[in-house]
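**Student:** So that we are looking at the same thing, I have put the structure below in structure tokens.
The values are calculated or read from the model by the stated rules, or taken from the named source; none is laboratory data. Note that the coordinates shown come from a computational prediction; the quantities given were computed from them, not determined experimentally. So basically every Cβ, Gly included, is an ideal-geometry build from the backbone, and we count neighbours across all protein chains shown. The protein model used for the area step is the full one, side chains on, heavy atoms only, and it has no ligands, DNA or RNA in it. Shrake-Rupley method; radii C 1.70, N 1.55, O 1.52, S 1.80 Å.
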Amino acid sequence: MHGVSEAEVVSGIAPFLGGYYLFLASMNAVMAFYLWHYKHRTNDALVWTAFSLFMVIVSAAAMGGSPPGLPESVRNLVNWLTGPVIYSVGTTVLLVIAYVLRRWWVKPMVAWTLLNISLVAMGVSMVDANFAAIVTKPDNVPIVGLVFLLGFFTWLATAKAVENDNRAKEGLPPTEKLDDEKVLVWPDLVYTELICMVALTALLLVWAIALQAPLEEPASSVKTPNPSKAPWYFLGLQEMLVYYDPWMAGVVLPSLVLVGLAAIPFLDFNKLGNGYYTIEQRKFSYLVFQFGFLELWITLIILGTFFRGPNWNIFGPFEFWDPHKVLALNNVDLSQYFWIGFMGEALPKPSPDATTLSQILTILLREWLGIVLVVLYFVALPPLMAATIFRGFFVKMGFLRFMLMANLLLFMAALPLKMVLRWTLNLKYIIAIPEFFLNF
Amino acid sequence: MAEKKKMSVAEILAAARKTDGGATSDEAAPKSSDAAEAAPAAESSPAPEKPAAKPAAKPAAKPAAKSGGGRPSVAEMLAAARAEKQGGAKPAEKPAAAKPAAAAKEAPAKKPAPAKAKEPVAAKAQAPKDTGSILAAARNPSKPGPMTKAEAARQAPAEKPKPAAKPVKSKLTVPPMPAKPDYAKPKPKAAAATTTDRRGFLTGMMLGSCLGIGFVSMSTTFGLWLLGTARFMYPNVLMEPPSQFKVGFPSNFAPGQVETKFVGQYGVWIVNYEYNGEPQIYALRTVCTHLGCTPNWLEGEQKFKCPCHGSGFYKDGINFEGPAPRPLERYAIRVADDGQLEVDKSKLFQEEIGQWSDPASFVAV
Ligand code: FES
């Protein structure tokens, strides 16, 4: 931060962090008591009591004006890890690890430990002025909360699915089928809803009073705020716009997302997994959905919220948002790679005086490689998939349904492919026909 | 949870028995098929089980009538069953049906139904019920509580109130379609009056004219609205800055300079730079060719940079980074008669279709 020294920032955030660590301490104390009193697991209870006491000490230190922070080297490492390639590949790897190890991390104690680790990591990171500036921005506070909420719900669903899968192995019915009795709308449901409504209203009131609405200067058509961010739930779309033409990223791909979601009942041939959580019985659907939701939506929202700074450059969480950060991002179209880089010629350029037909032919000649690649991708890959990895699917689904599914999957994969191509090869467009607003 | 509820059902049933106990102490059991199932007391079960071949008798109406059309007591039902045994060749389908009184009343009118129909009824009587239905049934026998599908399927044959009109659909029992009683037969439609008499003609006219007036006025209103909307597109006063304006003498612009002071008012950068090696002054439109944000001129990096998705443009307007597919657009620019530069925003020049070589798009220096 300019104009504010590190010490000032620390003293500003210290009282908050004191309360924060105190909250962590009490949270763990409650957990320890619960384990000891209700579960009779004295050893676990002792561990969490010790952790809780430690948090009290940390809280005291924070209140006293010296909250623990991260050393410079760790911060630099984190900044480096959140570079685009490592970030996107890393989140995908994390997703795979979470899938493989799901039986391990859904255990309540493991999940509780992970939660504590992330909360403590939050706390020690907040000492950094740049990190604090990002996460305490009124716009971003609820998103931080949402990230934790998402973690909780992912854990909940996975835990239930793992339990059901274990039961299925022993030949037992899923837990949802055990208590099959219906619940009455009145009073059961309505009371629950009422309580939720009251609690949520109270929360909103507190929130509205505590966090000022982030109002900005009056809108002007000639001045765009820098960086200019969409509402958080659209940040995935905004991220998509970085890699695609507005037509593709703003119209075609979002509509395809909706069409694809609507087509699921038509495409799904797996009769299992109705009305209960399971992973084993619906592996393909589960993986595709988790990838589409967690990877292509959530991580992009997080990237857009926390890592996109001025001029829409990517900044690490501990990096100063410098509007003059210089990044060499010379993006090159595939046709330029081919004609200039490979053939060593100038791009074929349609002359403005030529007939429309000859202009179009010149453009097609210029873009032939990209066009061939895209056509191959969408036309040749599905039969190839049907013949190899998706053979069983093809047999079960039939031609039409399989083609639809394959193309939807390919469109889905097109986004991460393009992102990685952009970051690694600086590839701008595979087909670039700006003359007709046609870029892919 | 389930057990708790079951407990409370028992209590409620007891309570229900108590309230009914004023008249007959054991009336609660057969008061509806639901209740009968919940507490499959010995009293009620003989009724459905026995009558496999029981024919209904006319006297059956009597005991039912005694209870005033309401719920019959067990004693009454047993009596009815006994009477059926003795009686003629007309069996009653459901002694334990929801409304035995009604069933008994209709009995004389009914055609014989096959004895088979009874078996599912008996089976149903023992079928377990969930608490919600029982609770609701205990509260109000005429409104059975919510049911699961499975339950509804089990119960469906038992709860048909008028089996004569609607034969039971079940795999086990396929009774022949009984003849419809008179009241259930469709009434022959009154022959439509095909001739229009004078009064009918008058009403028709009045009605027609009302509709006519309505529709005409409605479409007139909509038409006027449409016209008003069209008028709205041509406001009396246009608060837009003129599309032609002067920006000063060419000598005001140093070579290599990007003049940003006209952005606020006119949305244009005046640049004195070069294109294809030819030095020239041109007017760039401040609209990103990606999605239309306003890029910023970064003097330090000598580039236009868009804050929305990071497109970057060189000083000559050519796109080089980020997603923008085309270079920035140029406005027409010329030297006016007084020697000042004049920008005309009504004309655009796009590089990708070769329009920047048009002499109207720049002023050579
Ligand atoms: S609007 Fe300028 S980069 Fe998207």
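**Student:** Here is a list: B:Pro255, B:Pro295. Which entry is away from the ligand (no atom under 16 Å from the Cβ) and more than 7 Å from chain A (Cβ to nearest Cβ)?
**Tutor:** Working: B:Pro295 fails: away from the ligand (no atom under 16 Å from the Cβ).
Exactly one of B:Pro255, B:Pro295 is away from the ligand (no atom under 16 Å from the Cβ) and more than 7 Å from chain A (Cβ to nearest Cβ), namely B:Pro255.
**Student:** Sticking with this structure for a sec: A:Asn226 fails exactly one of the following numbered conditions: (1) within 14 Å of chain B (Cβ to nearest Cβ); (2) more than 23 Å from the chain's Cα centre (by Cα); (3) open to solvent by 50 Å² or more (accessible area, probe 1.4 Å). What is the number of that condition?
**Tutor:** The one condition A:Asn226 does not meet is (2).
**Student:** For the subset of region A:244-274 comprising residues that are polar (S, T, N, Q) and farther than 30 Å from B:Cys308 by Cβ, which member is nearest to the ligand (Cβ to nearest atom)? Give the steps one after another, and end with the answer.
**Tutor:** Residues of region A:244-274 polar (S, T, N, Q): A:255, A:270, A:274.
So of that shortlist, the ones also farther than 30 Å from B:Cys308 by Cβ come out as A:270, A:274.
Values: A:Asn270: 40, A:Asn274: 43 Å.
So, considering only residues that are polar (S, T, N, Q) and farther than 30 Å from B:Cys308 by Cβ, the one nearest to the ligand (Cβ to nearest atom) is A:Asn270.
**Student:** Could you check, for region A:306-321, whether at least one of its residues is out of contact with any Pro (no Cβ under 7 Å at 6 or more places or on another chain), open to solvent by less than 40 Å² (accessible area, probe 1.4 Å), within 16 Å of the ligand (Cβ to nearest atom) and free of Cβ contacts under 8 Å to residues at least 40 places away in the same chain?
**Tutor:** Checked region A:306-321: at least one residue is out of contact with any Pro (no Cβ under 7 Å at 6 or more places or on another chain), open to solvent by less than 40 Å² (accessible area, probe 1.4 Å), within 16 Å of the ligand (Cβ to nearest atom) and free of Cβ contacts under 8 Å to residues at least 40 places away in the same chain.
**Student:** Let me spell it out: the conditions are (1) open to solvent by less than 80 Å² (accessible area, probe 1.4 Å); (2) outside the structural domain of A:Tyr429 (by TED's automatic domain parsing); (3) small (Gly, Ala, Ser), and A:Ala354 meets all of them except one. Which number is the exception?
**Tutor:** Unmet condition: (2).
**Student:** Hey, another quick one. Being farther than 20 Å from A:Asp245 by Cβ and in contact (Cβ under 8 Å) with a residue 12 or more places away in the chain is the filter; apply it to region A:325-351 and report the residue that is surrounded by the most Cβ atoms within 10 Å (Cβ to Cβ).
**Tutor:** Initial filter on region A:325-351 (farther than 20 Å from A:Asp245 by Cβ): A:325-328, A:339-346, A:348-349, A:351.
If we keep only those that are in contact (Cβ under 8 Å) with a residue 12 or more places away in the chain too, we end up with A:325, A:327, A:339, A:348-349.
Details: A:Lys325: 15, A:Leu327: 12, A:Trp339: 19, A:Pro348: 15, A:Lys349: 12.
The extreme case among them is A:Trp339.
**Student:** Among the residues of region B:274-291, are any surrounded by fewer than 16 Cβ atoms within 10 Å (Cβ to Cβ), closer than 19 Å to B:Tyr331 by Cα, in the same structural domain as B:Phe349 (by TED's automatic domain parsing) and within 16 Å of the ligand (Cβ to nearest atom)?
**Tutor:** The answer is no, given that none of the residues of region B:274-291 is surrounded by fewer than 16 Cβ atoms within 10 Å (Cβ to Cβ), closer than 19 Å to B:Tyr331 by Cα, in the same structural domain as B:Phe349 (by TED's automatic domain parsing) and within 16 Å of the ligand (Cβ to nearest atom).
**Student:** Next up: Please return the ranges of helices (runs of 4 or more DSSP H) entirely within region A:279-368 where 3 or more residues are closer than 24 Å to A:Asn426 by Cα.
**Tutor:** Counting at least 3 such residues, we get A:299-302, A:356-366.
**Student:** I've got another one for you. Counting only residues that are among the hydrophobic types (A, V, I, L, M, F, W, C) and within 12 Å of chain B (Cβ to nearest Cβ), how many does region A:274-314 have?
**Tutor:** Applying the first criterion (among the hydrophobic types (A, V, I, L, M, F, W, C)) to region A:274-314 yields A:279, A:284, A:287-289, A:291, A:293-294, A:296-298, A:300-303, A:306-307, A:312, A:314.
When the remaining residues are screened for being within 12 Å of chain B (Cβ to nearest Cβ), the result is A:312, A:314.
Residues in region A:274-314 being among the hydrophobic types (A, V, I, L, M, F, W, C) and within 12 Å of chain B (Cβ to nearest Cβ): 2 in total.
**Student:** A further question follows. Looking only at region A:202-223, how many residues end up being open to solvent by less than 100 Å² (accessible area, probe 1.4 Å), more than 9 Å from every other protein chain (Cβ to nearest Cβ) and assigned to a loop (DSSP other than H, G, I, E, B)?
**Tutor:** 3
**Student:** Follow-up question, since we're still on this one. Considering every residue within region B:313-333, establish whether at least one is more than 13 Å from the ligand (Cβ to nearest atom) and at the interface with chain A (Cβ under 7 Å from one of its Cβ atoms).
**Tutor:** Among the residues of region B:313-333, not one is more than 13 Å from the ligand (Cβ to nearest atom) and at the interface with chain A (Cβ under 7 Å from one of its Cβ atoms), which makes the answer no.
**Student:** Which strands (runs of 3 or more DSSP E) sit wholly inside region B:298-365 and have at least 2 residues that are in the same structural domain as B:Trp269 (by TED's automatic domain parsing), free of Cβ contacts under 8 Å to residues at least 40 places away in the same chain and within 19 Å of B:Cys288 (Cα to Cα)?
**Tutor:** On the way: elements: B:303-305, B:319-321, B:330-335, B:341-349.
In region B:298-365, B:303-305, B:319-321, B:341-349 are the strands (runs of 3 or more DSSP E) which contain 2 or more residues that are in the same structural domain as B:Trp269 (by TED's automatic domain parsing), free of Cβ contacts under 8 Å to residues at least 40 places away in the same chain and within 19 Å of B:Cys288 (Cα to Cα).
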